[in-house]
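The values are calculated or read from the model by the stated rules, or taken from the named source; none is laboratory data. Just so it is clear, the model here is predicted, and its values are computed rather than measured. Backbone-built Cβ (ideal geometry, glycine too); neighbour counts: all protein chains shown.
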Amino acid sequence: MTDHSLRKPVRKAVFPVAGLGTRFLPATKAIPKEMLPIIDRPLIQYAVDEAREAGIEQMIFVTGRGKTAMVEHFDNAFELEATLRERGKALDALEPTRIQPGNLVAVRQQVPLGLGHAIWCARAIVGNEPFAIILPDELMIGAPGCMKQMMEAYNEVGGNLISVLEVPHEKVSNYGVIAPGEKRDGFGGTLTEVNGLVEKPKAEEAPSNLIISGRYILQADVMRTLENQEKGAGGEIQLRDAMAKMIGHQPFHAVTFNGRRFDCGSKVGFVEATLALALERPDIGEAVRAMASRLLR
Ligand code: UTP
């Protein structure tokens, strides 16, 4: 494969949203975790907005049973719109939920066999193109957004990219980290060659304090690797194992995200995101600040 073929434009993003969301039960019994709102926008909306900002055209949702609300969210809502119009109410709030006809595709992961398996379920739609992956329960807030920063790096180096964040060294054992190679500045951020991926290392053995976050740009070859992938940690088909096999065969870089990450798959992270974003909102920030300091007194 020539280097040129590893720089094809990235037009598609896969959103793996078929997980069971057990940490949020019973809230997630009938509603997907990705439909839980941070203030007034569901997590999936933040993820789609981030993809759009990065120039992605086609959104591919890998869904499971009971997840149709997400597809509905991005569909036209004739009755609601008609009622709002009748009552003279603005429709602006619905604007971000509009996706060009044909640009939202949903595929099913019948059994949640792991993140790697979820990505593989999108193989027919991804085809032979590089593609982005966005995990909506990791909320990445930055200007520009995380995927846009990654796309700028991709335009420079092509190949495969993952997004990483620096954490204090003693915290690495909760995360996957990269074994770093050469580092360089470019595209307005830091790019690090990836020599390996290590899952939850002991702090004293960790090769770096750069934790892997839920944003990727991968070449379609990863689908072939996933095809024959054995089950890994937790009895699940792991995306990380498939990526590890590509390192050394294709360019693989990490982009240090210049922004904030909230782990909205955990309850504390979800509350933190809600509070942090609410405090910054011009419409409610002041009232929330007063309320929070009253509660803390
Ligand atoms: P998580 O590990 O957060 O799992 O998956 P989960 O099932 O959503 O949540 P908990 O741990 O039970 O509370 C990370 C991402 O991968 C997707 C999830 O939807 C989430 O976006 N995923 C995971 C799948 O799409 N399919 C799977 O088989 C596993």
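The lone criterion from (1) without any contact (Cβ under 8 Å) to a residue 24 or more places away in the chain; (2) exposed (fewer than 14 other Cβ atoms within 10 Å of the Cβ); (3) within 16 Å of the ligand (Cβ to nearest atom) left unmet by ALA30 is number (1).
The set of residues from region 202-220 being free of Cβ contacts under 8 Å to residues at least 60 places away in the same chain and of a type in the set (D, E, K, R) comprises LYS202, GLU204, GLU205. Identify all residues within region 43-61 that are within 13 Å of the ligand (Cβ to nearest atom) and either under 17 Å from VAL107 (Cα atoms) or without any contact (Cβ under 8 Å) to a residue 60 or more places away in the chain (or both); write none if there are none. Correct list: ILE44, ILE60, PHE61. Taken over region 158-180, the residue count meeting the criterion of being part of a strand (DSSP E or B) and either at pLDDT below 95 or not small (Gly, Ala, Ser) (or both) is 10.
Determine which member of the set GLY145, GLY127, GLY88 is at pLDDT 95 or above, surrounded by fewer than 19 Cβ atoms within 10 Å (Cβ to Cβ) and away from the ligand (no atom under 16 Å from the Cβ). Checking each option against the conditions leaves just GLY127.
Looking only at residues in region 213-252 that are of a type in the set (Gly, Ala, Ser) and part of a helix (DSSP H, G or I), the one that is surrounded by the most Cβ atoms within 10 Å (Cβ to Cβ) is ALA242.
Taking region 269-290 as the range and being loosely packed, with under 13 Cβ neighbours inside 10 Å and either farther than 17 Å from ILE141 by Cα or among the hydroxyl-bearing types (Ser, Thr, Tyr) (or both) as the test, the residues that pass are ASP283, GLU286, ALA287, ALA290. One residue alone among ALA106, ALA93, ALA77 is within 16 Å of the ligand (Cβ to nearest atom), closer than 22 Å to GLU57 by Cα and surrounded by 10 or more Cβ atoms within 10 Å (Cβ to Cβ), and that residue is ALA106.
Please go through region 235-267 and pick out each residue that is within 16 Å of the ligand (Cβ to nearest atom), small (Gly, Ala, Ser) and under 21 Å from the mean Cα position of the chain (by Cα).
Correct list: ALA242, GLY265, SER266.
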